[in-house]
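Please treat every number below as a calculation from the coordinates, not as lab data. Not measured: the values here are computed from a predicted model. For neighbour counting, all protein chains shown are included, and Cβ atoms are generated from backbone atoms with ideal geometry for every residue, glycine included.
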Amino acid sequence: MLELIVAAFKTGSATVANLLVTAITVKIIAMFTGPVGVGAWSLLRQCQQSAVTIGTCSGAVSFIRGISQLSGKERSQFMRTVAVTYLLLGGCVTLGMILLSARLALWIGTLNAHIFALLAVPVAISIFRDYLIALLNGMRAIGRLALAQILGAVVAALTAYPVASLVSQGDFSGFILLMLAVGLVSSIAAIYFIWRADWGLDLAVRPYWTMDSFRRFARLAGTMAVIGVVASLTLFAARVLIARYRGINEAGYFDVAWSLGLTYVGLILNAFGTYYLPKLSSMADKEQVELIQHVGKLTIMAMTPLIVLMTIIKPWIISMFYSTEFMPALGIFQLLLVADYLKMSTWVFSIVVVVRGLEKPFLIGNVLWDLSLLFGVWLTLYIDLPSNVIGLVIVVLNCCGLFGYNRLISKTLPIHFSPRLWFAWGAGLLCVLGATALAWNGTKVDFSLYWILIVSCLISGICLNEADFAAMRLFFSRKWKDKRKQVS
């Protein structure tokens, strides 16, 4: 538990720093370009992410798991094989972006073809960066991985103003320069860390690619590729539908809600994942059960007060991260925060499904989730329902995902959560729903709701048992003793 907390604190601190710097970037773009600029930025960013997902087969999880499980010559061969696979797929995707740029522009209808042709360059850089970041993660170099990502975010913040000025004049190619700068700086930082640790590819050894290593990579990467491509294209299609039905400014409102809701909370969960995934992959069944219980406990402790706080101060969040011009996004944002609470538990189980090699049900469940979301977005727009309905669709889908993963995992591992933990989870959900109901129509922060935040913090404390408190006392007492020895 303590090892998990230390790792999560390290990556969590880096994630918070990354989010703050990214928030500055988004704030500058929002202030100078408005909903139209944010809408265009979201379309280009989602197009880039979709292309990178295809170019890597969404293989980061498979790559990390392979590095964690292998050693010596087998690991070296696996790394070379994945590098060649990324190189070939990335080249095909980059060329495809250039050749299909006119069709993409025609389909979206709001951006010129040359923008999508230029987008091929940051796509290629991002595929290369994703390989390096996954390598650092697989080697459990969590601090260095986080630093490489933070440096990219800092560069984005430094270049945001000239990019926003360019975009405000109608030239959306500025967004391409922003993506390119972030990818290059992150890649250079990651290369430096890999070179210092001597984790680079051994190119003096042949062959560079073997079928055995590729099968190990593709066993999970094939499933993750389908899931990642469908998920990324679903979000891209949803944004395009919103832009076509209700204008690019409405796509900007959707991007605000999605980014502040599912994306930001998802990034915090990934802070746990940098430790959780490789550690779980190297454990026996009994140890896996114990780690799953600890991660479930820690996510409830961390996420319950956070989501309640975000629910109460959501008008501040939108005005701080964007501007008051984006207040129409409040309706869907508050429903996505409820979905976040369900997502945190779903995420804990989804990592277990990946590690246990349950590719088929994992694939079916994720594809059904994405297709249902796309259908819900289309139906909402076609019938001309309020945008809040999209948030309600996501809440229902997360409920289904949580129930399905829980049933699936219980058939493969003897996981039994304590009544204390179940009570804390249920009470936390009630807190989130209560805060959502009380702050539903508020466009200003209601300070009288602070009591719900206090209750959510108390619920987080319920998760800890006597053994956890004893371990924490032992941990801090040792730290105090070590500090006294250093002083003396």
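Of L408, W199, T324, which is farthest on the positive side of the dipole of the range 2-475, counting Cα position, with +1 on Lys and Arg Cβ, -1 on Asp and Glu Cβ, and the Cα centre as origin?
W199
Given 0.36 nm per residue, what is the gain on full extension from R407 to K360 after removing their alpha carbon distance, in nm?
15.4 nm
Take V445 and F375, extend 7 Å from each Cα along the Cα→Cβ direction, and tell me the distance between the two endpoints in nm.
4.1
With a ≥ b ≥ c taken as the square roots of the eigenvalues of the C-alpha gyration tensor of the range 337-465, please select rounded if a/c is under 1.5 and otherwise prolate if a/b is larger than b/c or oblate if it is not?
oblate
Quick check: residue separation of R196 and E287 times 0.36 nm, minus the Cα distance between them. What number comes out in nm?
Gain in length upon complete extension: 29.5 nm.
Size of the dipole of the range 156-264 about the Cα centre, Lys and Arg at +1 and Asp and Glu at -1 on the beta carbon, nothing else charged, in debye to 20?
320
Largest first and in whole Å, give the semi-axes of the range 373-418's equivalent ellipsoid, each being the square root of 5 times a Cα gyration tensor eigenvalue.
Each semi-axis is the square root of five times an eigenvalue, giving 33, 10, 4 Å.
Can you tell me the Rg and Dmax of the range 2-475, counting just the alpha carbons, in angstroms?
22.0, 67
Report the net charge of residues surrounding A284, where surrounding means a beta-carbon distance below 14 angstrom and charges are Lys +1, Arg +1, Asp -1, Glu -1.
0
Towards the positive end of the charge dipole of the range 26-152, with charges on Cβ (+1 Lys, Arg; -1 Asp, Glu), say which of G34, F128, L147 has the farthest Cα.
The residue sitting most towards the positive pole is L147.
Residue by residue through the range 395-406, which ³J(HN,Hα) values in whole Hz follow from phi under the Karplus form 6.51 cos²θ - 1.76 cosθ + 1.60 (θ = phi - 60°), with glycine and proline marked x?
Values per residue, Gly and Pro as x: 4, 5, 5, 5, 4, 5, x, 5, 5, x, 5, 4 Hz.
Charges on Cβ only, +1 for Lys and Arg, -1 for Asp and Glu, centred on the Cα centroid of the chain; of I227, L119, I67, which one is farthest towards the dipole's positive end?
Checked the options; the winner is I67.
Tell me the Kirkwood hydrodynamic radius of the range 302-376 in angstroms, computed as one over the mean inverse distance between distinct C-alpha pairs.
14.6
Is the shape of the range 174-217 best called rounded, prolate or oblate, per the rule: a/c under 1.5 gives rounded, else a/b larger than b/c gives prolate, else oblate, with a ≥ b ≥ c the square roots of the Cα gyration tensor eigenvalues?
oblate
Could you give the distance between the Cα centres of the range 378-450 and the range 111-173, to the whole Å?
Answer, in whole Å: 32.
Working out 0.36 nm times the residue gap between L385 and L87, then minus their Cα-Cα distance, what length gain in nm do you get to one decimal?
102.8 nm
Only four residue types carry charge here, +1 at the Cβ of Lys and Arg and -1 at the Cβ of Asp and Glu. Report the dipole size of the chain about the Cα centre in Debye, rounded to the nearest 20.
That gives the chain a dipole magnitude of about 1200 debye.
How high is the FRET efficiency from I98 to V396, r the C-beta distance, R0 35 Å, rounded to 0.05?
Efficiency for this residue pair is about 0.30.
Can you sort V163, V121 so the residue with the fewest Cβ neighbours within 10 Å comes first?
The fewest-first ordering by Cβ neighbours comes to V121, V163.
Starting from the Cα gyration tensor of the range 47-114, take the square roots of the eigenvalues, sort them a ≥ b ≥ c, and report rounded, prolate or oblate (rounded when a/c is under 1.5, otherwise prolate if a/b is larger than b/c, else oblate).
prolate
To the nearest 20 Debye, how big is the dipole of the range 278-345 about its Cα centre, given +1 on the beta carbon of each Lys and Arg and -1 on that of each Asp and Glu?
Value, rounded to 20: 60 debye.
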